[in-house]
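The block underneath contains the structure these notes are about, expressed in structure tokens.
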Amino acid sequence: MIKSMTGYGRFELEKDTRRYTVELKGVNHKYLDVNIRLPKSFNSYDANIRSQLKNQVSRGKVDVYISYEDLAENQLSLKFNSTLAEEYLKIFSKMEEDYNISNDVRVSHLSRYPEVLTMEEQVADEEELLSGLKEALQGAIDKFIETKKLEGESLKEDLLGKLALMEDEVTLVEERFPEISRLYREKIEGKVKELLGSVKLDEERILTEVTLFAEKICTDEEVVRLRSHINHMRDVLMEKEGVGKKLDFIAQEMQREANTILSKANDIEISNHAIILKTEIEKIREQIQNIE
């Protein structure tokens, strides 16, 4: 199934005491261009995010928005520095001995001394954080790809319709060509009779002239190649993914054949059909720019 480069996906994950929110937005771009906005504490995960996305998205400009929230009520912990407390007590004992004074230090007193008790923010486990982020990112990617596929299916149906219209126009060009040769022969015969009156016409000379004219305006090769390109594009549209560049190349070849048909046209009807072909091909090329 073909995918559009336009898509949107959002996923929110609550895991343990953590909430991850990931949002993806995609638009057209010739190559894969990823822009990431995330909390500063997640900067080290930038490469992981790009790698995970690159494995599943090949083209398009993708904006990634990541937010994170720790839901734990107590994100701080009380730390007791026993080594420092012991140093304080040794000094107090020394002061008691040196100055012959009573050592009246109690636990409540000791706890107030600098750095004996401190409040520290709990450090999150890096592996757990990354694991949760990857899970949330994958959820957003899945939804992102789902919308890309839906849009891609609409694009495919539209392109198939345009190809069917092109095929009808090619058929009309084919059917018109013998009529042009007949009309040209009648035109020559009419001119000769007008100039020579009752003089017998030189059939061989007229046939030669008509043949040369027919060869000059013949578009058989262009029509055959154009039909081949139409069928090839249909086949590519049935492929699963990565078809955007292939379709663009086929459309360029189609345009070349349509241009040649128009340049050879010596008939208003064929010119009109060629113009319709060129118009539809241009529409196809515009739509292809949306395909991944």
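The values are calculated or read from the model by the stated rules, or taken from the named source; none is laboratory data. Since this is a predicted model, take the numbers as computed values, not measurements. All Cβ positions, even for glycine, are placed from backbone atoms using ideal geometry, and neighbour counts span all protein chains on display.
Things to note:
- Taking the criterion of being among the aliphatic types (A, V, I, L, M), outside any strand (DSSP E or B) and under 11 Å from the mean Cα position of the chain (by Cα), the residues of the stretch 1-29 that qualify are ILE2, MET5.
- Filter result for LYS90 (farther than 30 Å from LYS245 by Cβ, basic (Lys, Arg) and in contact (Cβ under 8 Å) with a residue 24 or more places away in the chain): no
- Residues in the stretch 229-264 that are without any contact (Cβ under 8 Å) to a residue 12 or more places away in the chain and not in a helix (DSSP H, G or I): MET238 alone.
- Verdict on VAL64 being assigned to a strand (DSSP E or B) and surrounded by 12 or more Cβ atoms within 10 Å (Cβ to Cβ): yes
- Any hit, the stretch 126-135, residues being surrounded by fewer than 12 Cβ atoms within 10 Å (Cβ to Cβ) and either assigned to a loop (DSSP other than H, G, I, E, B) or modelled with pLDDT under 90 (or both): yes
- Residue under evaluation TYR88, criteria (1) under 28 Å from LEU133 (Cα atoms); (2) touching a helix residue (DSSP H, G or I) at 6+ places or on another chain (Cβ under 7 Å), criterion not met: (1)
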